[in-house]
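Below is one structure, written out as structure tokens; the observations come after it.
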């Protein structure tokens, strides 16, 4: 009589948190985290994860960037695109970490010049990501319980 309910209960008791985490933070989500950090925060807003402005370009740099057709209204940390392309998301049981190669093309690493907070999400982006991840967790649970 309770066979279907027992089956769901057994599946619920055997849910694997690690599998859920990997389901939720898949390649698509990792790419979105990188997009939020690079395109939304750095390029569009010129801010770090603490909402602090990165600053303004010098007149000389504005002239160079203008010639390249690049944004000049605030520092973006996007000249060749190599820094943005180096962004990666590390996923483990304790959380998510954003890393990037900021030293291979620069005299001084960007994290030294602009601070470690250039790698990370603002509170608004974290909130958006949290809501999105909750939806993904719900998808995972539904898939596992009613498959």
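Just so you know, all these numbers are worked out from the coordinates, no wet-lab data involved. Bear in mind that the values here come from a model prediction, so they are computed numbers and not experimental data. Note that each Cβ is placed from the backbone with ideal geometry, even for glycine, and that neighbours are counted across all protein chains shown.
Once the Cα atoms are used to define both axes, helix 3-13 deviates from the longest principal axis of the chain by about 40 degrees. A Förster radius of 41 Å combined with the Cβ-Cβ distance from residue 68 to residue 137 puts the calculated FRET efficiency at roughly 0.45.
Model label sites at residue 97 and residue 82, defined 7 Å from Cα along the beta-carbon direction, differ in position by 2.4 nm. Segment 36-98 and segment 1-31 have Cα centres spaced 37 Å apart.
The shape of segment 49-142 can be summarised by an equivalent ellipsoid whose semi-axes, obtained from the alpha carbon gyration tensor, come to 32, 15, 12 Å from longest to shortest.
Against the longest principal axis of the chain, how steep is helix 123-146, in degrees 0 to 90 to the nearest 10, with axes from Cα atoms? Helix 123-146 sits at roughly 30 degrees to that axis. Note on segment 19-69: along the principal axes its Cα atoms extend 51, 24, 10 Å, ordered by decreasing extent.
For the chain, what is the mean residue ellipticity at 222 nm derived from helices alone (per DSSP H run of n ≥ 4: -39500 (n - 2.57); sum divided by total residues; nearest 500 deg cm²/dmol)?
On the way: 7 runs with 71 residues, N = 147.
Helix contribution divided over all residues of the chain: -14000 deg cm²/dmol.
Computed packing ranks the peptides 47-58, 128-139 as 47-58, 128-139, most packed first, by mean other Cβ atoms within 10 Å. Fully extending the segment from residue 45 to residue 16 would add 6.6 nm, taking 0.36 nm per residue of separation and subtracting the current Cα-Cα distance.
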